[in-house]
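These notes concern the structure reproduced below.
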Amino acid sequence: MIKLNIQKTLTAASGKMNLHVKTTIEKYSLVTLYGKSGAGKTSCLRIIAGLLTPDSGSIEVDGKLWTHIDNNINLPPQKRNIGFVFQDYALFPNMTVAENLRFALNKNQDKKIIHELIEIFELGDLQFKKPETLSGGQKQRVALARSLVQKPSILMLDEPLSALDYEIRHKLQHYILQVHKEYKLTTILISHDISEILRMSDKVIELNQGKVVKQGTPDTVFNYKEFSGNIQLTGIVIAIQKQDFLYILTLQIGKDIVKVVANENEGENLFIGDTVILASQAFNPVIHKIG
Amino acid sequence: MNILKGKIENINSNHQLSIIYINVNNNRLTAIIIDTPKTSKYFKRGKEVQVIFKETEVIIGKGISHQISMQNKIEGTIKSINCGDLLCKITLKTAVGDIVSIITSNAVKQLGLEKNTLVTAMIKTNEIMLSE
Amino acid sequence: MIDWEPLILTFKLATITTALLLLIAIPLAYKLAYSTSKLKPFIEALVSMPIVLPPTVIGFYLLVVFSPSSTFGNWLNQSVGLRLIFSFEGLVVASIIYSLPFMVHPIQSGFSNISTSLSEASYVLGKSKIRTLFYVLLPNIKTSILTGIVLSFAHTIGEFGVVLMIGGNIPGKTKVASIAIYDEVESLNYATANTYSLILFAITFSILVIVYLINGGYLKPLNK
């Protein structure tokens, strides 16, 4: 279990912000840090990783103090046994894919893990390539594999999927869930995508202006509701038009745009950019084969 | 959305499908769902559920006796009618609470619907969704 | 026949200076690139001084400091037996100071241009700062290092004022090519001066062309 109680004054473009996060993260759980950009998510992750030193507070992991500012304790990142996937992947350009993984090995560590990870992440064909020749999704897989070489107990991912397109995203979500279970990880990731969070996370910590504004299961944090309709999608409102007592909503669901009619009192409470659930009975849609 | 609160009275499952009978203020509504008590934890007798259906799926019949395949029939009187060019929004006062229906303005004219008219609101079984 | 000694001396000086500069500049550039200290601007200004100061100013102060009559020069002479005035060793020290910015600047900007996440990724993987420097940072700033090496080398070949002030004109010890050219012109030996000049011109020109070719990506294999 990770017990976190950290405080740091951050200087952002909009001025000074006081980051104060107090929370606990269960062992083996998958936790998402959620919030607008500039809310302090990345700083929070970097503090846990030891890449940033908080002004005050403490981090306790499985009963061991990683950070305790009052007692002058702050383990360097090298001593925390964590996996970290950076937003820009941070693959070493001078090394091939396999060399990137091998570099991560500890002294005297069995090289077997490299083969295992190459297998899991399907990197066989890529192992002799340099990172600059890889696509975004491939880089992400390498970064993820590299972060697991040392068999960390905690895996942290800074917006791992935001730069990828929809299908690759889906595949990587699957990879992350797979290694999360297989390697018994405690995983902390940053995400903006509510449907992704609902699918993956055990817990959501929502930050705003450096403070925890909500935390709990994704269902409670996002006011999620399950309908028996069997068709349930999350989308983003991209247009709202009113006609008589009806609202015509244009939603973006994944890469598709759909239009939906909503009632007056439903439409009144919606704004462009809101995330919504779209539910329908399984009996209504018609299916037409295209490929 | 029309949302009514009810209690699951009975469940009739066959393979993937279930027909669920819900008691809403002593009116019986039915819903068909691709789920069974095995696949969904909240389909249990006695469970409190929300019965959800869209206004545009509510059919209005004048009077109370219809020979029709609809399973969900709720009698009521018209509380208000609000018409646009093409569509009208009708609010009914019924034993299970207010129900809103959106039908075409033509239909309102043809049936001669007005305030206090006695009508039956009907919803097809497959248009009803349940939620906790 | 020209006397090759000044040319050989020039390249010996340039090679030794560049090699020592590399050892000094990498840690210095590393510190400057990642430091947030308030002293940083002052150190940066000091490193850059040789670019703007007349070489004679540097030569003059080195002469004052290294002179056996000064405390420091005397101490050097007494304890280590090192005379830095009118000696080859003195020329090396002076050249290192004189060419310092040409080695430090490219390497420092190389370090600054590398995404910080690369070194952070290495730290998170449990690698020490030294290991990260040698296996992650330096291999990825090869072109910056090469630029530094070539510029310092070429710049040392071209120095004159500092050498004249501190080294004098001792054949085989401190009489480098640039001094020899000056000497020949003084003695009205234009033909010999021209030969020296042409050789220096050709060599420094080729060196710079190679740098621009590499940095412009024309020599791909070296760029990797």
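Computed from the coordinates by the stated procedures, all read-outs in this text should not be read as laboratory data. Everything numeric here is computed off the predicted structure, so don't read it as measured data. Glycine also receives a Cβ, built like all others from the backbone with ideal geometry; neighbour counts cover every protein chain displayed.
Let me confirm one metric for peptide C:113-123, namely the mean number of other chain beta-carbon atoms within 10 Å of its residues' beta-carbons.
Averaged over the peptide's residues, the number is 6.
Dividing the alpha-carbon radius of gyration of the range A:230-281 by 2.2 N^0.38 Å (N being the number of residues), what value is obtained?
Output field value: 1.06.
For B:LYS79, go through the lysines and keep the ones whose alpha-carbon is under 20 Å away, minus same-chain ones fewer than eight residues off.
Cα-Cα hits under 20 Å: B:LYS54, B:LYS62, B:LYS89, B:LYS93, B:LYS109, B:LYS115.
What does the extension gain come out to for A:ASN223 and A:ASN269, with contour length at 0.36 nm per residue minus their alpha carbon separation?
Length difference between fully extended and current span is 15.1 nm.
Hey, in the protein assembly as shown, which Cys have no second cysteine's beta-carbon closer than 4.7 Å?
Cysteines lacking a close Cβ partner in the protein assembly as shown: A:CYS44.
Put +1 on the Cβ of every Lys and Arg and -1 on every Asp and Glu Cβ in chain B; which of B:ASN116, B:ILE64, B:SER101 then has its Cα farthest towards the positive end of the dipole?
After comparing all options, I get B:ILE64.
Around A:ALA12, which amide H atoms from residues at least 5 apart in sequence, or from another chain, sit under 5 Å from its own amide H, with H modelled in the peptide plane?
HN-HN under 5 Å from A:ALA12: A:MET17.
Which cross-chain or sequence-distant (5 or more) residues have an amide H under 5 Å from the amide H of B:CYS83, H modelled 1.01 Å from N in plane?
B:LYS89
Report the label-to-label distance for A:TYR28 and B:SER13 in nanometres (one decimal), using points 7 Å from each Cα along the Cα→Cβ vector.
Modelled inter-label distance: 2.8 nm.
First select every other residue whose beta carbon is under 9 angstrom from the beta carbon of B:GLU132; then total the charges, Lys and Arg +1, Asp and Glu -1.
0
Tell me the relative contact order for chain C as a rounded percent, counting alpha carbon contacts under 8 Å between residues six or more apart.
Computed value for chain C: 29 percent relative contact order.
If you place +1 on the Cβ of every Lys and Arg, -1 on the Cβ of every Asp and Glu, and leave all else neutral, what size is the dipole of the protein assembly as shown about its Cα centre, to the nearest 20 Debye?
Values: 64 positive and 50 negative charges, 332 e Å.
Computed charge dipole of the protein assembly as shown: roughly 1600 debye.
Suppose we flag trypsin sites (Lys or Arg not before Pro) only when DSSP calls them loop and at most 15 other Cβ atoms lie within 10 Å. Which is the longest uninterrupted stretch of chain A?
With a cap of 15 other Cβ atoms within 10 Å, the longest stretch comes to A:37-106.
For the protein assembly as shown, rounded, prolate or oblate, judged on the Cα gyration tensor with a ≥ b ≥ c (square roots of eigenvalues), a/c < 1.5 rounded, else prolate if a/b > b/c? Working shown, then result.
Working: a/c = 3.47, a/b = 3.01, b/c = 1.15.
Because a/c hits 1.5 or more and a/b exceeds b/c, the protein assembly as shown counts as prolate.
I want to verify a result. In a Gaussian network model of chain C, Cα cutoff 10 Å, which of these has the top mean-square fluctuation: C:LYS127, C:LYS38, C:LYS12?
C:LYS38
If each residue of separation counts as 0.36 nm, what is the full-extension length gain between A:SER135 and A:HIS68 once their alpha-carbon separation is subtracted?
Result: 20.1 nm gained on full extension.
What average count of beta carbons from other chains do you get within 10 Å of the Cβ of residues in A:240-250?
Other-chain Cβ atoms within 10 Å of each residue's Cβ, averaged: 3.
Return the distance in nm (one decimal) between the two label points of a simple spin-label model at B:LEU86 and A:LYS289, each offset 7 Å from Cα along Cα→Cβ.
So the two model labels end up 3.4 nm from each other.
Report the local net charge at A:GLY254: Lys and Arg +1, Asp and Glu -1, summed over other residues whose C-beta lies under 12 Å from its C-beta. The partial results should precede the final answer.
Values: positive: A:ARG169, A:LYS255; negative: A:ASP165, A:GLU167, A:ASP193, A:GLU196, A:ASP256.
Local net charge: -3.
Relative to the longest principal axis of the C-alpha atoms of chain C, give the angle of the C-alpha long axis of helix C:142-157, reported between 0 and 90° and rounded to the nearest 10°.
10
So what's the net charge close to B:THR77: Lys and Arg +1, Asp and Glu -1, counting the other residues with Cβ under 12 Å from its Cβ?
After counting each charged neighbour, the total is +1.
Loop sites only, by DSSP: take the chymotrypsin sites (Phe, Trp or Tyr not before Pro) in chain A that have at most 11 other C-beta atoms within 10 Å and name the longest stretch containing none of them.
Free of exposed loop sites, the longest segment is A:129-270.
Starting from the exponent 0.38 and prefactor 2.2 Å, build the expected Rg for the range B:2-131 from its residue count and divide its actual Cα Rg by it.
Working: Rg = 15.5 Å, N = 130, 2.2 N^0.38 = 14.0 Å.
Compactness ratio reported: 1.11.
Taking 7 Å along the Cα-to-C-beta vector as the label spot, tell me the C:SER79-A:SER56 distance in nanometres, rounded to one decimal.
So the two model labels end up 4.8 nm from each other.
Between A:VAL258 and C:ALA45, how high is the FRET efficiency from 1/(1 + (r/R0)^6) when r is the Cβ-Cβ distance and R₀ = 41 Å? Nearest 0.05.
With a Förster radius of 41 Å, E is 0.10.
Over all directions, average the projected area of the Cα convex hull of the range C:28-99 and note it in nm².
Its Cα hull, projected and averaged over all orientations, spans 5.9 nm².
What are the extents of the Cα atoms of the range A:2-221 along their three principal axes, in Å, largest first?
46, 39, 33
Connecting C-alpha atoms closer than 10 Å in a GNM of chain C, tell me which of C:ALA19, C:ALA191, C:ALA180 has the biggest fluctuation.
Residue with maximal mean-square fluctuation among C:ALA19, C:ALA191, C:ALA180: C:ALA191.
Any chance you could tell me what percent of the C-alpha pair distances in the range C:5-223 go past 28 Å? If you can, show how the numbers build up before the last one.
Numbers: 9101 of 23871 pairs.
Percentage above 28 Å: 38.
Search the structure for amide H atoms under 5 Å from the amide H of B:ILE103, placed 1.01 Å from N in the peptide plane, and list their residues when 5 or more places away or on another chain.
Close amide H contacts, sequence-distant or interchain: B:CYS88, B:ILE90.
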